[in-house]
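Here is the structure we will look at, set down as structure tokens.
The values are calculated or read from the model by the stated rules, or taken from the named source; none is laboratory data. Since the structure is predicted, the reported quantities are computational estimates derived from the model, not experimental observations. Note: ideal-geometry Cβ built from the backbone for every residue, glycine included; neighbour counts use all protein chains shown. Each accessible area value is taken on the protein alone, full model and side chains, heavy atoms only, with ligands, DNA and RNA left out. Shrake-Rupley method; radii C 1.70, N 1.55, O 1.52, S 1.80 Å.
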Amino acid sequence: MRLQIAYIAAAALGRVSSFTPSTAARQTMLRSASSSTSSLGMSSSSEDTITLGIFGGGTVGGGIVEILSNKADYFKQLTGKSIEVKKVCVRDASKPRDFTLPEGCSIVTSYDDILNDDSIDVAVEVMGGTTDAKDVVVGALSNGKSVVTANKALIAKDLPEIETLLSTLDSATQFRYEAAVCGGIPIIRSMQSDFVGDNIQLMCGIINGCTNFMLTAMDRDKKSYDEALSEASDLGYAEADPTLDVGGFDARSKLKILMRLAYGMNVEEDEISCRGITELTKIDFEYAKMLGGTIKLLGVAEKNDAGEVSAYVAPCYVTNEDALSSVNGATNAIEVLSDNLVSSIYIGQGAGRYPTANSCINDIVALAKGDQTPLPFNPSSDTKFVNNYESVFYLRLSYRDQVGITRQVGEVCEKHGVSIHSLLQNPVAKNQESAFAIMTDKVDYAAILKVMADIEALSWCKGKPFYMPVLRDDWQV
């Protein structure tokens, strides 16, 4: 879906200062200005029609066109407006499409054909990437077009700049991004409306479909990491370069956005601890089974007693009694623990043509109905982020057989204040698979890093030790 066109929008987001008003009075005037010609901004389209320009004619773009065509009459009854796709911008206009263009819709290859068309109300960005997509989003907003996007990488990277730009624009120019986090799960809108009177204490979830599919295959189907990745790629769950998925970076981008909505904080992505699934082996799943659970790649953000928030993306041990343990395949799930609602769990398809397109459609319909969200990222706060957290940890240590291994491990743990809860060891099937596991008591993440570094330096340690947090304090079954 990525478009590789050389055009660069004139108003690049990196120069967002050029949009900043010189006075507070000017900003107030801009945000309160009425839009007499259109509730969506500067468009010259008729009042009973909302027109779209879609950037990206691939999987998601095609799904959007199909849904709009199939439910056109229903949407008109629902919103009082006809929703029309006027242009679809693609890289190669000669490439066959797997959807039928609506009557009056044209395929274009220049961003300007949509950005400079005053008859288009809404720019829908489903092309992906953070370079050209950034120019498209900024160019559309600056020209008074509302934007609907599925681009979590762009939002995570440039959220503060996008927010600054929006503050200078007319309030009718809206920014919608439901599809950016967990595809078809309506978590963004829920965060914008359902928790405004609540206090969120914890968010944890499976927020990358590719890795959840792979972990399911490794656990349930006993496949190797390479076999699971190959199958995920064949089914379209993994990108050509799957690093963003298996490295945890895709999940981290989504977690950053959710943290802003839940806690009002802007955290640099690099500050969030991020570990993917590349170090997991079948031995880890064997030990997880012995313990009565499984392994999931989770994004976790939690508020501590001091009101500070910590966050991480990592493989986690989850008991079989946990709701997240039974979420398999490419399905996503998010649990939110809060003061008022206690526990809320959202489960659904996190990616794919129609789940993602469906969330984009919901945003488009909301715009057609005249819904407005003055602060699409919720109000900011001074909540402090701390790059440390407490958890029970699972440690897996591969070793060369010699006397005194458990004694040395105990000494290292004692040195750094880590209490050992239990030690596990499967019968060794092959010499190269010699590994034992340790479950700690609840301890600081920082202390575990020190333990891992010291153990790796010991003569009997083979390779880099592996560790992962345990999701719940009550993990014992």
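At-a-glance table
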{"quantity": "Computed [θ] at 222 nm, deg cm²/dmol, the chain (DSSP H ≥ 4; -39,500 (n - 2.57); rounded to nearest 500)", "calculated": "-9500 deg cm²/dmol"}
{"quantity": "Net charge of Cβ neighbours under 10 Å - reference CYS461; Lys, Arg +1; Asp, Glu -1", "calculated": "+1"}
{"quantity": "Per residue value of the accessible surface for the chain (all protein chains in place, 1.4 Å probe), Å²", "calculated": "43 Å²"}
{"quantity": "FRET efficiency estimate (nearest 0.05) - Cβ-Cβ, GLU47 to ASN340, R0 60 angstrom", "calculated": "0.90"}
{"quantity": "Between segment 89-150 and segment 380-453, the Cα center-to-center distance that results, in Å", "calculated": "50 Å"}
{"quantity": "Sites matching trypsin sites (Lys or Arg not before Pro) across segment 199-250 that sit in DSSP coil, with at most 13 neighbouring C-beta atoms within 10 Å", "calculated": "LYS222"}
{"quantity": "Radius 9 Å from Cβ of GLU178, net charge of other residues (Lys, Arg +1; Asp, Glu -1)", "calculated": "+1"}
{"quantity": "Separation of the LEU235 and LYS282 label points, Cα + 7 Å toward Cβ, nm", "calculated": "2.0 nm"}
{"quantity": "Percentage relative contact order, the chain, counting C-alpha pairs under 8 Å, at least six apart", "calculated": "16 percent"}
{"quantity": "Cβ-defined net charge surrounding LEU78, 11 Å radius [Lys, Arg +1; Asp, Glu -1]", "calculated": "+3"}
{"quantity": "FRET efficiency, ASN387 to ASP473 (Cβ-Cβ, R0 22 Å, nearest 0.05)", "calculated": "0.60"}
{"quantity": "Spin-label pair GLU433/ASP98, simplified geometry with 7 Å Cα→Cβ offset, distance in nm", "calculated": "3.8 nm"}
{"quantity": "Full-extension gain in nm, GLU456 to GLU269, via 0.36 nm per residue minus C-alpha separation", "calculated": "64.6 nm"}
{"quantity": "Full-extension gain in nm, ASP112 to ARG91, via 0.36 nm per residue minus C-alpha separation", "calculated": "6.2 nm"}
{"quantity": "Inverse of mean 1/r across different Cα pairs in the chain, Kirkwood, Å", "calculated": "24.0 Å"}
{"quantity": "Residue-span extension gain [ARG400 to LYS369] - 0.36 nm each, minus C-alpha spacing", "calculated": "4.5 nm"}
